Amino acid sequence: MESYDFNTLYEQHKNLVFNLCLKYLQNTEDAEDITQEVFIAIHNSLHQFKGESKISTWIYRIAVTKSLEFIRSKKRKKRFAFIQSIFTNEKGEIKTEASHFYHPGVVLENKERASVLFAAIDKLPDNQKTAFILSKLEDLSYSEIAEVMKISNSSVESLLFRAKQNLKNYLGNYYEKNEK
């Protein structure tokens, strides 16, 4: 079994992990925090890595898991938040903030489209979101995605099909109104 140096792993994978977290969380600060958590988890469990998969697959799996845990935790906190004063205006009405996430790698004229796309991706169920992000944004093969998600290649294909159908439904109205 190959032994891995944590510092080398960190240098080789920090950008990959940060960018993956950013695609899930759509917030730079949150992505930085979760990236740190991912590498803490890697540091704490590196001795348990058995080499049954590629190290990058193992790291992807940890990053995906930590990102999804953060999203679930954030949703739970929103559901059970009792301090409404933080979220209400002077009239006592609940403030609503649209998600305006702009990925740093997106060209200026495409920022609105990217924001709409990331908002739609965020609406996907977790398993579809993971398959879509790993396929279309991380450019992993079906077999790599299957390994990260611990599912079959045909399940990956099915998840991607459903994700594309859902995105088509979510984005259809936007493109009809704004892309004429």
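The values are calculated or read from the model by the stated rules, or taken from the named source; none is laboratory data. Remember, predicted model here, so these are calculated numbers, not experimental data. Positions of Cβ are backbone-derived with ideal geometry, glycine not excepted, and every protein chain shown enters the neighbour counts.
Scan region 1-27 for residues that are in contact with a helix residue (DSSP H, G or I) (Cβ under 7 Å, 6 or more places away or on another chain), hydroxyl-bearing (S, T, Y) and surrounded by fewer than 17 Cβ atoms within 10 Å (Cβ to Cβ) and the total you get is 2. Look at (1) modelled with pLDDT of 85 or more; (2) over 18 Å from E138 (Cβ atoms) and you find that N89 fails only one, number (1). Checking each residue of region 121-134 against the condition of being over 14 Å from the mean Cα position of the chain (by Cα), touching a residue at least 40 places away in the same chain (Cβ under 8 Å), assigned to a helix (DSSP H, G or I) and within 30 Å of S53 (Cα to Cα) gives no match.
Filtered by the rule that a residue be in a helix (DSSP H, G or I) and without any contact (Cβ under 8 Å) to a residue 12 or more places away in the chain, region 1-18 gives N7, T8, E11, Q12, N15. Being at pLDDT below 95 and assigned to a helix (DSSP H, G or I): is that true of K50 here? No. Of all residues in region 11-19, one or more are over 28 Å from A114 (Cα atoms) and at pLDDT 95 or above.
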